[in-house]
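Worksheet: the structure to be examined is printed underneath.
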């Protein structure tokens, strides 16, 4: 079953605007990771945030984690057309015999118009 | 971060045949995994590839259909056996180090 659920499923913005994607999950986690996938190609690792962290930054990316609400958000500032891709959150579970494998959400399809 | 390569990048196969996908990482990783991504869908874990022992399969996936090998820390193979059109997907391997998981470029498989 899906652990993470991204919201919205699709997002269309103009270049220069900020894009915010949200991810909710159901069970306790070790960490949560965000990925980008361009048009059916491989996944690019963006950020890992651990369960004891609340916010991380990487360039134009900002990720927050609220374990009390079991949710995370990915903010892309000053978006570019090249940011057009699908974005997935994936959770590494704390329990349930997890060996570090990830459970992926359904993804948000972001379209940035020039 | 680990750099992961896969071969082949894509293939078109006839039903009933088998395809073996190779995955190579450039550094030693603690864990290796195989995922499937069906068209327009998210990723689903097939199995954890264990070095020198049988892979650990997720519910809905069995060794006879998806045999996996991992003879050393940096190499693994996934075979898709007795293929049918429902096996048409992107197959991705990943390697995990210090909790971060990195993915290969994927193998796009089409079964006719």
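The values are calculated or read from the model by the stated rules, or taken from the named source; none is laboratory data. The structure displayed is predicted, hence computed values, not measured ones. All Cβ positions, glycine included, derive from the backbone under ideal geometry; neighbour counts span all protein chains shown.
Would you call residue B:52 away from every other protein chain (no Cβ under 14 Å) and part of a loop (DSSP other than H, G, I, E, B)? Before the answer, list the steps.
Details: away from every other protein chain (no Cβ under 14 Å): yes; part of a loop (DSSP other than H, G, I, E, B): yes.
Here the answer is yes, as residue B:52 does meet what is asked.
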**OP:** Restrict the check to segment A:59-73 and report whether at least one residue is buried (at least 16 other Cβ atoms within 10 Å of the Cβ), within 14 Å of another protein chain (Cβ to nearest Cβ), under 25 Å from residue B:5 (Cβ atoms) and under 16 Å from the mean Cα position of the chain (by Cα).
**Re:** no
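Looking only at residues that are over 9 Å from the mean Cα position of the chain (by Cα) and closer than 19 Å to residue B:10 by Cα in segment B:95-106, which one is farthest from the other protein chains (Cβ to nearest Cβ)?
Just the residues of segment B:95-106 that are over 9 Å from the mean Cα position of the chain (by Cα), to begin with: B:95-105.
Okay, now just the ones that are also closer than 19 Å to residue B:10 by Cα, so B:103-105.
Values: B:103: 4, B:104: 6, B:105: 4 Å.
Ranking the candidates gives B:104 first.
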**OP:** List every residue pair whose Cβ atoms sit under 9 Å apart, with the two residues 6 or more apart in sequence or on different chains, where the first one lies in segment A:5-20 and is under 17 Å from residue A:77 (Cα atoms) and the second, anywhere, is at pLDDT below 95 and exposed (fewer than 12 other Cβ atoms within 10 Å of the Cβ).
**Re:** A:14/A:114; A:15/A:114
Subject >> Hits in segment A:30-47 (condition: more than 7 Å from chain B (Cβ to nearest Cβ) and part of a loop (DSSP other than H, G, I, E, B)) >> reply: A:38, A:39
Original post:
So which of A:20, A:91, A:27 ends up being more than 12 Å from chain B (Cβ to nearest Cβ) and part of a strand (DSSP E or B)?
Top reply: A:20
**OP:** Could you run through segment B:7-25 and say how many residues are within 13 Å of residue B:93 (Cα to Cα) and surrounded by fewer than 20 Cβ atoms within 10 Å (Cβ to Cβ)?
**Re:** 6
**OP:** Would you be able to tell me the number of residues in segment B:30-43 that are facing chain A (nearest Cβ under 10 Å), surrounded by 14 or more Cβ atoms within 10 Å (Cβ to Cβ) and more than 14 Å from residue B:69 (Cα to Cα)?
**Re:** 4
**OP:** Check off (1) at pLDDT 95 or above; (2) in contact with a strand residue (DSSP E or B) (Cβ under 6 Å, 6 or more places away or on another chain); (3) farther than 17 Å from residue B:27 by Cβ for residue B:65 and give me the number that stays unchecked.
**Re:** (2)
Subject >> One residue from B:92, B:109, B:78, B:73 being touching a helix residue (DSSP H, G or I) at 6+ places or on another chain (Cβ under 9 Å) and either more than 10 Å from every other protein chain (Cβ to nearest Cβ) or crowded, with 16+ Cβ neighbours inside 10 Å (or both) >> reply: B:109
Subject >> Criterion violated by residue B:70 - all others in (1) in contact with a strand residue (DSSP E or B) (Cβ under 6 Å, 6 or more places away or on another chain); (2) touching a residue at least 60 places away in the same chain (Cβ under 8 Å) satisfied >> reply: (2)
Original post:
Which one of these does residue B:46 not meet: (1) part of a strand (DSSP E or B); (2) exposed (fewer than 13 other Cβ atoms within 10 Å of the Cβ); (3) touching a residue at least 24 places away in the same chain (Cβ under 8 Å)?
Top reply: (2)
